[in-house]
Amino acid sequence: MATCASVAFFKNEFIAVLSDGRRIEQPDLREMADMLAQAGVNSSEVQFEWQAGGRMITAGQQVAMRAEIRRYKREHESLGVAA
């Protein structure tokens, strides 16, 4: 079963809540994408949320995060490393 993530941007940090209850906080988009991929989240299993007091994640950032998750998984699959 795939792990899903709900990602928001609050106080200059991406905050992801995973379907298994884990929480990941990271200010850098690429680092967040890598951490999500390591946690077993596929790019299609990411939802972007807006929270009061936060900022909506732009369409460009959403595309970039999904692309980085795919890149991370592709690189680690080619190395034979489980993501």
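The values are calculated or read from the model by the stated rules, or taken from the named source; none is laboratory data. The structure displayed is predicted, hence computed values, not measured ones. Counting neighbours? That spans all protein chains shown, and the Cβs are built from the backbone with ideal geometry, glycine included. The protein model used for the area step is the full one, side chains on, heavy atoms only, and it has no ligands, DNA or RNA in it. Shrake-Rupley method; radii C 1.70, N 1.55, O 1.52, S 1.80 Å.
Does Glu75 satisfy the criteria of being touching a strand residue (DSSP E or B) at 6+ places or on another chain (Cβ under 8 Å) and among the acidic types (Asp, Glu)?
Values: touching a strand residue (DSSP E or B) at 6+ places or on another chain (Cβ under 8 Å): no; among the acidic types (Asp, Glu): yes.
Judged against the criteria, Glu75 is not a match.
Kindly list, by first and then second residue, each pair from a residue in the range 56-69 that is over 16 Å from Met35 (Cβ atoms) to a residue that is hydrophobic (A, V, I, L, M, F, W, C) and surrounded by fewer than 16 Cβ atoms within 10 Å (Cβ to Cβ), limited to pairs with Cβ atoms under 8 Å and residues at least 6 apart or on different chains.
Here the result reads Met56/Trp50, each pair linking the range 56-69 to a residue that is hydrophobic (A, V, I, L, M, F, W, C) and surrounded by fewer than 16 Cβ atoms within 10 Å (Cβ to Cβ).
For Arg70, indicate whether it is open to solvent by 70 Å² or more (accessible area, probe 1.4 Å), basic (Lys, Arg) and modelled with pLDDT of 95 or more.
Values: open to solvent by 70 Å² or more (accessible area, probe 1.4 Å): yes; basic (Lys, Arg): yes; modelled with pLDDT of 95 or more: yes.
Answer is yes for this residue.
Where in the range 4-66 are the strands (runs of 3 or more DSSP E), entirely inside, with at least 2 residues that are β-branched (Val, Ile, Thr) and under 25 Å from Glu77 (Cβ atoms)? Show your work before the answer.
Numbers: elements: 13-18, 23-26, 41-48.
Answer list for the range 4-66: 41-48.
List pairs: first in the range 17-32 and at pLDDT 95 or above, second assigned to a strand (DSSP E or B) and open to solvent by 80 Å² or more (accessible area, probe 1.4 Å), Cβ under 9 Å, 6+ apart or cross-chain?
Every condition considered, the pairs that remain are Val17/Arg23; Met32/Glu25.
Looking at the range 31-56, which of its residues are of a type outside the set (A, V, I, L, M) and loosely packed, with under 14 Cβ neighbours inside 10 Å?
Matches in the range 31-56: Glu31, Ser44, Gln47, Trp50, Gln51, Gly53, Arg55.
Checking Gln61 against (1) of a type in the set (S, T, N, Q); (2) modelled with pLDDT of 95 or more; (3) under 21 Å from Ala2 (Cβ atoms), only one condition comes out false. Which one?
Answer for Gln61: the failing condition is (3).
Quick check on Ala59: is it open to solvent by less than 60 Å² (accessible area, probe 1.4 Å) and farther than 12 Å from Ala8 by Cα?
Taking the combined requirement at face value, the residue does not satisfy it.
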